[in-house]
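Bear in mind these aren't lab numbers, they're just calculated from the coordinates by the rules spelled out. Because the structure is a prediction, the values reported are computed rather than measured. Here Cβ is always computed from backbone atoms with ideal geometry, including for glycine, and neighbour counts include all displayed protein chains.
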Amino acid sequence: MNRIEGRVKVTGLATYAAEYPVAGMTYCFPVQSAIARGRIVGVDATRALAMPGVLAVLSCEEPPKLAEDADGELALFQSREVCYRGQLVAAVVADSFDNARAAADAVSVEYEPAVHDVTLSADHPGLYRPEVVNPNFPSDTGKGDVEAGLAEAAYTVEVTYTTPVLHNNPMEPHASVAVWDEEGRLLIYDTAQGASWARNAIAAILGMPAEQVRVVSRHVGGGFGAKGTPRPQAVLAALAARAVGRPVKIVLTRQQMFDVTGYRTPTIQRLRLGADADGRLTALEHVAYEQSSRLVEFAEQTATPSRVMYAAPALRTAHRLVRLDVATPSWMRAPGECPGMYALESAMDELAYAAGIDPVELRVRNEPETEPGSGLPFSSRNLVACLREGARRFGWETRDPAPGVRREGEWLIGTGVAASTYPARRMPSKAVVTVQGDDFLVKVAATDIGTGARTVLTKIAASTLGVVPDRVHVELGDSDLPDAPVAGGSMGTASWGSAIVRACEELKSNGKEGRADTAEEIAADARLARHAFGAQFAEVRVNAFTGEIRVPRLLGVFAAGHILDDTLARSQFIGGMTMGLGMALMEETLTDAEFGGFLRRDLAQYHVPACADVPLVEAVWLEEQDAGLNPMGSKGIGEIGIVGTAAAIGNAVYHATGHRVRDLPITPPKIL
Ligand code: MOS
């Protein structure tokens, strides 16, 4: 089945947030803070207001009315305090984008700067233990005696890995169009990963009942987490439109996106592993140091995958956070699992070398009976099968483990393996299905961020109803539709699909209409450890003279429940793996220690993989039957592809060169 919206997308007919034709449109361009910390003494808009086409200037000089408990990133112009460089401190509304932009340059902001601190370190005096880490895990966990486990170990690995600030770069920039009607209702066309959540958040901030706000996101050009919660431009569009009494459009520039739409926190991760003579873990400790802003506590769950992966009698995980003069970090594809598994799976490779055990075999020997952190039974777990199948397909058995010995001309060659994991969750969703002549209409406020959600939901409804997909029409991307959770956490399909199945079942029984709300069903789910697993294999070629790294082969083998659509699943897996390759070798946002804010704020400097960088990325899967998940038997697949890739590539670089780089990205200077 082809993507339902494929034709309108490739012919340019799919309407994205910034493209809705609204009569009387005006345009807003923000002014960003030039300092990283301090106070705004005054905002002088005189010159800007005199410029052509300018309708209004918004700033803290006349704070717009917002809810008092508003998220600090969205509480625009409420305070004179500056919390990071690039923060929105004012905005101009004008009759054209160019006039707004020109006038924004003419807004004069006087600051009283203070000394800033934007540098994360593992001995920062401001580090503290957060109460919980995202979404709601304990910060620290422990069982057994780590020190004793390390003392009795035949082999130990004690290492520190670092990962840089990383930025999501969805192709569609963050954009919002806000339109107020005469009854005081607000309509926002927004690039949101979830229309219901965005509506609720925007209404709360504006102090309005949710029914008075409507968010429409019919097509979204990628999100990866950057559009998972409303960003300042959505609130700004609403405020600006209210100020000028006309519709307002805001499209953030790529540079502004780097500043105000979130990023993956940098991490420093300390791992201590001990193993007995057979390679069985005696102790595993994983401590993650990370940052948040002064505005919001965002505590990434970086060490949590170590609670899931391997059997260890002594297991300790911990998170430490420091609040810096930086923007608030946020979700980026597999937040937590992705950087956490980079460190754990690199450390497991180091342990394999220390113990002289094949890295596939080492993982197999440490397979747990139940989830190590919680003791819960797994609903299904096929990591070992993925490792074995991957090893077979990749040709692992002929591998010489010795590092730095294979060479073809200038090129050193190596292979590496790492495991993948991601939680299989679902959240309550509503859905309605009705009969329309010979066809069926499914309504759910789901979002298709480019994953193919429309298509897979159509298939789910059609198969439950027992009709061909052509007879099913799915309406999504609008908060006026039945409430649904966000397209994130790899739980969109599981959440929306569950509600659609129940609604379709009801329609089949009454012949007319089905309405479902899965809240009770999900609350009654048995306590099980639900995760998808996978194994990734990488081949690298490292130029002995230049340090250039090429990745001729990546293979991922996944066990993620019942795969609902082969084409869409492959696309998610290889997309995640490609993004993981970017993390391994290219992606890095530099923080400007001197002035605050980020250096590298565009795609010329923030490098993401291009087609030529990924000659052969292959993803396959093992079909899993798991009745403990949801009516479809599916696990989420949007994020697991990026989990483990960077470790597999880093491990392959070590195998090729004999040189262990513990600091991403692995760029040529770190090799030579
Ligand atoms: Mo994704 S980081 O769960 O939107």
Where Rh is the Kirkwood radius over Cα pairs, Rg/Rh for the chain: 0.98
Rounded to 10°, Cα long-axis angle of helix 337-355 versus longest principal axis of the chain: 10 degrees
Karplus-derived HN-Hα couplings along region 8-15 (A = 6.51, B = -1.76, C = 1.60, θ = phi - 60°), whole Hz, x at Gly and Pro: 5, 5, 6, 9, x, 8, 6, 8
Residues with amide H under 5 Å from that of ALA529, placed H, sequence gap 5 or more: PHE378, SER379
Listed pairs LYS249/LYS443; LYS459/LYS512; LYS443/LYS635; LYS227/LYS443 exceeding 26 Å between Cα atoms: LYS249/LYS443
Calculated from backbone phi, Karplus (6.51, -1.76, 1.60) coupling profile of region 419-429 in Hz, x at Gly/Pro: 8, 10, 7, 7, x, 9, 10, 8, 10, x, 9
Mean Cβ neighbour count within 10 Å, used as a protection proxy, ranking 497-505, 570-578, 69-77 highest first: 497-505, 570-578, 69-77
Mean separation of Cα contacts under 8 Å (6+ apart) over length of region 430-517, as relative contact order %: 41 percent
Order of TYR263, TYR27 under a 10 Å beta carbon neighbour criterion, fewest first: TYR27, TYR263
Under-5 Å amide H pairs with ALA299, H placed in peptide plane, nonlocal only: ASN134
Spin-label model distance (nm) - ALA210 vs HIS473, 7 Å beyond Cα toward Cβ: 2.7 nm
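What fraction of the DSSP beta bridges in the chain is antiparallel, stated in percent and rounded to the nearest 5?
Details: 91 of 120 bridges.
Just about 75 percent of them are antiparallel.
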The chain - percent relative contact order, Cα under 8 Å, separation 6 or more: 16 percent
Cα-based helix-to-principal-axis angle, 195-206 vs the chain, degrees rounded to 10: 50 degrees
Per residue Cα convex hull volume in Å³ - calculated over region 430-517: 78 Å³
Label-point separation in nm, VAL115 to THR370, each point 7 Å along Cα→Cβ: 5.2 nm
Burial ordering of ILE522, ILE642, ILE563, fewest other beta-carbon atoms within 10 Å first: ILE522, ILE563, ILE642
Point-to-point label distance, ARG406-LEU616, nm (Cα→Cβ direction, 7 Å offset): 1.2 nm
Degrees, to the nearest 10: 453-465 long Cα axis against longest axis of the chain: 80 degrees
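Out of every Cα-Cα pair in region 66-172, what percent are more than 16 Å apart? Write out the running numbers ahead of the final one.
Numbers: 4617 of 5671 pairs.
It works out to 81 percent of all Cα pairs.
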Under 11 Å from the THR398 label point (7 Å along Cα→beta-carbon), backbone N, region 630-666: none
Note, ³J(HN,Hα) from phi for region 521-535, Karplus 6.51, -1.76, 1.60, rounded to Hz, x at Gly and Pro: 4, 6, 4, 8, 4, 4, 6, 9, 8, 10, 8, 8, 10, x, 9
